[in-house]
Amino acid sequence: MNTLPDARTALPPDDDLRAILHNEVHARPTARIRLPALVVYVAVLNDGVRREDEWAHLKRLPGQDGLRLADLSSSFLRIRLGNCTLKWERHSEFTRYSIVQALPEGAGLDAPESPALDTLAVDADWLRAIPGRTVAAIKLAMVIGDISNAPATARLGQQWLGGRSVVASIMGTYGHSIAVTAFRLRDSGFEHMLVIAPASTTETRAGRISQRLLELETYRLMALRGLPAAKSLAPVLGEAEAALADITARLENKQATDQELLDTLVALAAKVERATAVHQYRFSATQAYHAIVGQRIAELREKPISGTQGIGEFMQRRLTPAIATVAATAQRLAALSQRIERTSGLLRTRVDIATETQNQQLLAQLTRGQELQLRLQSTVEGLSIAAISYYVMSLLYYGAKAAKVAGVPVNPDLFAGAMIPLVLWAVWTTTQRIHKRLHAEQEH
């Protein structure tokens, strides 16, 4: 057995992403909250907001002059500010700021809601100047109370939140706390939530409870961002579907030229593809956020309270129709694109058939032209043989006359007449040999 001086050397070299991926599970640790507490939570859309802008804003907090930009590289930062803690988290579309502070002395179910939630541990101007656009703002009060009689405790929570209708649930398999909320925006711009838990609740459990409730509401709102886009797209899709039906009818009845149909179809396809490019990401994000909402609801492991609608039930009833609308619109858009593609295929088939017919006609014309050319060539070849034979006979005739003058006993006329068949045969044979040679060269 060999002993290595450094156990780490027993492994192959690390992948470049190993440490990052391994530590991702610890990237956003759950807060530890000591009851009673108030969590002031703000989530802002960070489109166009740089990490440098958020860093500069965090540096405005008391005692944070030494904060470095590198401290924000992991997209998570917890800052201790005197008697409160601020947590900064940057996500792909939004950034979350969570301020955990103690509730004022004497704040509880016996005291009214407003004084307990009005006090902020950070400067209101700093909160107002957070870079980005607000998508969620929640004040979550976590108080100590008896939860053995859940209906009575829920009624106390309802009174604490102002007496309006609320939704409430017992959370946890064994009922470790009660959450009460109205899911309503107050004049201050915040939603108010209340968690009632026994004094024995641990800080880590309180942190998990707050995280689930805050994420549940944030992802609900992010999921709903696809609904306005789906509603605005409905009339556009209706017009596009009607236009496609008209194109299909004209294609069937041959009421327009191929070029007219092609121009109309290309314009419609471009319109649909543009809508797909603009909205596809939002629709996909809606489905992803909705899946996270369902996961967070499941993590609550809630139980119903007699006479009160549960948080998960309320959420699903109000959220599911909106998500279904978005999903139906996304499916409708994809189906329309496929129908346009099929119609384009039909038009392309018709154009191909017309083109093939034209090509066949052109080939037929070329074939007829070649036949005429062959006939003409044969005629020319016959004339060429006669002409060449005439010139050869002329040369032989003049040669015979010259021989007669030189004393050779020959009759030029008889000699020329006798040579005519031989000359014709020789010229014809030579022409055929030339044709065979040319054909052989073309085949090779």
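Quick look at the numbers
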quantity	calculated
Diffusion constant of segment 210-275 at 37 °C, which comes from Stokes-Einstein with the Kirkwood Cα-pair radius and 0.692 mPa s, µm²/s	223
Most mobile listed residue (SER169, SER337, SER389) in the chain, GNM with C-alpha springs under 10 Å	SER389
Distance between modelled label sites at ASP125 and ARG250, nm, 7 Å Cα→Cβ extension	6.4
Kirkwood Rh in Å, taken over all unlike Cα pairs in segment 29-101	12.9
Under Karplus coefficients 6.51, -1.76 and 1.60, residue-wise ³J(HN,Hα) of segment 141-149 in Hz, glycine/proline x	9, 10, 10, 8, x, 8, 10, 5, 9
Solvent-free Debye scattering, log10 I(q)/I(0), computed from the Cα coordinates of the chain at q = 0.05, 0.06, 0.10 Å⁻¹	-0.43, -0.51, -0.90
In Hz, Karplus ³J(HN,Hα) per residue of segment 388-405 (6.51, -1.76, 1.60; θ = phi - 60°; x = Gly, Pro)	5, 4, 4, 5, 5, 5, 5, 5, 5, 5, 5, x, 5, 5, 4, 5, 5, 5
Mean ellipticity per residue at 222 nm, deg cm²/dmol - from DSSP H runs of n ≥ 4 across the chain, formula -39500 (n - 2.57)	-20500 deg cm²/dmol
Lysines with Cα under 25 Å of LYS254, excluding same-chain neighbours fewer than 8 positions away	LYS271
ARG18 - accessible surface, heavy atoms, 1.4 Å probe, Å² rounded to 10	120
Relative contact order of segment 244-350, pairs being alpha-carbon contacts under 8 Å that are 6 or more residues apart, as %	44
ILE178, ILE385, reordered so the largest accessible area comes first (probe 1.4 Å)	ILE385, ILE178
Dipole moment magnitude, nearest 20 debye, the chain about Cα centre, only Lys, Arg, Asp, Glu C-beta charged	260
Placed amide H near SER169: partners under 5 Å, 5+ positions off or other chain	ALA179, ILE311
ALA270 paired with ALA406, simple spin-label distance in nm, labels 7 Å along Cα-to-beta-carbon	8.7
Partner lysines for LYS87 [C-alpha distance under 17 Å; skip if fewer than 8 residues away on the same chain]	LYS59, LYS139
Dipole magnitude of segment 297-368, debye to nearest 20 (Cβ charges: Lys/Arg +1, Asp/Glu -1, about Cα centre)	160
Accessible solvent surface per residue of the chain, calculated while the other protein chains remain in place, 1.4 angstrom probe, Å²	59
Of all accessible heavy-atom area on segment 201-266, the percent that carbon and sulfur account for (1.4 Å)	53
Percent RCO, i.e. relative contact order, over the chain, from Cα pairs under 8 Å lying at least 6 residues apart	14
Using θ = phi - 60° and Karplus 6.51 cos²θ - 1.76 cosθ + 1.60, couplings along segment 268-274 (whole Hz; Gly, Pro as x)	5, 4, 5, 5, 5, 5, 5
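The values are calculated or read from the model by the stated rules, or taken from the named source; none is laboratory data. Keep in mind the model is a prediction, meaning the values are calculated, not measured. Methodologically, a virtual Cβ is constructed for each residue, glycine included, from the backbone with ideal geometry; neighbour enumeration extends over all protein chains shown. Areas reflect the complete protein model, heavy atoms only, side chains present, ligands, DNA and RNA absent. Shrake-Rupley method; radii C 1.70, N 1.55, O 1.52, S 1.80 Å.
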